[in-house]
Amino acid sequence: MLNDIPDLTDPTAILQRLVRYPSVTPADAGALATLEALLVPLGFAVARPVFAEDGTADIENLFARTGSTGPHLVFAGHTDVVPPGDESDWKHPPFAGVIADGELYGRGAVDMKGGIACFVAALGRHTARGGLPWGQVSLLITGDEEGPAINGTAKLLAWAAERGERFDACVVGEPTNPQALGDMIKIGRRGSLSGTVTVRGVQGHVAYPHLADNPVRGLMALMDALLAEPLDAGNARFQASNLEITALDTFGNLSANVIPGRASASFNIRFNDEWTAASLSAEIERRLALAAENRRWRGERDTPLAFEMVWRGNPSDAFLTRDDALTKALSEAVQSVTGRVPALSTSGGTSDARFLKDHCPVVEFGLVGKTMHMSNERVALSDLETLTEIYDAFIARWFAAHA
């Protein structure tokens with residue numbers, strides 16, 4: 001716990017403290033204890049449940065809540081960060097929280113300890129002015145967003161639901177703005193589906209191909225079947241779905257004169273709401289089966305291509321938030337502070353919003369994301385102040401709309 005509490009209205013002081021904990025997934029390193037120490041003086045009751053599952057690291061999480069009745073607003077995020085990489089590539093140590101030339105350097109400064117710091121500072125300013133609006137505010141913070149996301153937000157939401165918690169709206173503090181604060185609010189996300197196709201052949205000498213079956217030939221035909229025809233054309237809500245091959249493997253075959261015995265290709269699809277994970281996986285399997293039926297390994301053989309399709313990880317469906325009151329309150333807060341009218345977007349990758357959408361309407365808004373996951377990740381101090389002002393205004397507007 002902290003021996004001294006920084007100014008709870010100052011996002012820079014809060015972020016400096018949080019960045020100094022090297023909370024690389026799955027390590028917490030003290031980040032959540034610090035966050036608890038910051039929230040208790042603001043009137044929050046804090047719980048820090050730890051979730052576990054065989055084959056994964058135990059993960060500490062945080063749920064903080066103030067208020068007992070009325071509309072319930074939740075802010076969600078994560079204190080875990082990706083590794084800093086080669087620290088010699090950094091101008092300043094990645095966990096020192098150094099301020100230089102008007103910017104704060106550190107892993108997690110943008111993604112997303114900065115968003116957490118700004119929301120806490122916004123709560124601090126409400127408290128300094130006499131208290132939060134009537135209602136309930138919670139923070140739902142995980143240490144497993146950058147990792148496998150198994151012992152994090154999904155289990156924390158289930159834990160909260162078992163205790164009777166019900167949320168009316170959620171803001172996720174991910175860095176959503178591409179260039180400047182106020183550019184973009186995420187009101188939905190594409191789904192994600194990953195898989196690996198493996199073709200088994202017969203290993204042999206390249207000079208005697210008639211004695212072997214080269215699985216790469218068949219694998220190329222299968223991948224061509226997945227890539228040749230677009231999955232869809234997109235719609236007014238989402239861009240077109242996109243399949244990308246992410247890895248090719250011949251299982252250790254390094255010899256230039258050996259035909260491999262196996263070959264595989266892994267792929268990921270970011271898909272829109274024309275599909276569900278179930279309907280899209282069925283379409284992929286249909287395309288593969290048709291290509292395998294039409295593909296003969298060699299001219300002298302008439303058997304279909306044999307392959308194995310394995311789906312990976314936890315697929316997530318696309319979603320779109322249609323809560324006009326939530327979007328309006330946040331958009332108006334952004335415009336009142338920055339003068340910009342934010343675009344309402346469904347672009348980008350996935351986030352923990354994919355779990356939160358099943359519990360309440362959710363939008364995402366945070367810092368500018370240009371340096372996230374990079375060496376010298378950093379945030380302008382002026383952006384920290386601006387985001388705090390936006391969150392401050394949003395809290396007031398959202399609760400006023402639900403009074």
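The values are calculated or read from the model by the stated rules, or taken from the named source; none is laboratory data. Since this is a predicted model, take the numbers as computed values, not measurements. Every residue, glycine as well, gets a Cβ built from its backbone with ideal geometry; the counts of neighbours run over all protein chains shown.
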| In the stretch 238-285, residue farthest from the chain's Cα centre (by Cα) [restricted to those that are aromatic (Phe, Trp, Tyr) and crowded, with 19+ Cβ neighbours inside 10 Å] | Trp275
| query | Out of Gly106, Gly135, which single residue is at positive phi and crowded, with 24+ Cβ neighbours inside 10 Å? | reply | Gly106
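Let's see how each residue does on (1) under 17 Å from the mean Cα position of the chain (by Cα); (2) within 24 Å of Cys170 (Cα to Cα); (3) small (Gly, Ala, Ser):
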site: Phe307; (1), (2), (3): no, no, no
site: Thr327; (1), (2), (3): no, yes, no
site: Val341; (1), (2), (3): no, yes, no
site: Lys357; (1), (2), (3): yes, yes, no
site: Leu387; (1), (2), (3): no, yes, no
| Some residue of the stretch 351-373 being at pLDDT below 95 and either touching a Pro at 6+ places or on another chain (Cβ under 6 Å) or closer than 30 Å to Ser88 by Cα (or both) | yes
| request: Considering each residue of the stretch 196-250, count those that are at pLDDT 95 or above, within 23 Å of Arg262 (Cα to Cα) and of a type in the set (Gly, Ala, Ser), and give that number. | output: 4
| When both residues are 6+ apart or on different chains and their Cβ atoms are under 9 Å apart, which pairs have a first residue that lies in the stretch 384-396 and is within 20 Å of Gly108 (Cβ to Cβ), and a second that is among the basic types (Lys, Arg)? | Thr388/Arg125
| query | Quick one: which strands (runs of 3 or more DSSP E) sit completely within the stretch 289-378 and have at least 1 residues that are touching a residue at least 40 places away in the same chain (Cβ under 8 Å), more than 30 Å from Ala221 (Cβ to Cβ) and not charged (D, E, K, R)? | reply | 343-345, 362-364
| Name the residues in the stretch 1-58 that are of a type in the set (Gly, Ala, Ser), more than 25 Å from Ile150 (Cα to Cα) and either surrounded by 22 or more Cβ atoms within 10 Å (Cβ to Cβ) or without any contact (Cβ under 8 Å) to a residue 12 or more places away in the chain (or both), would you? | Ala13
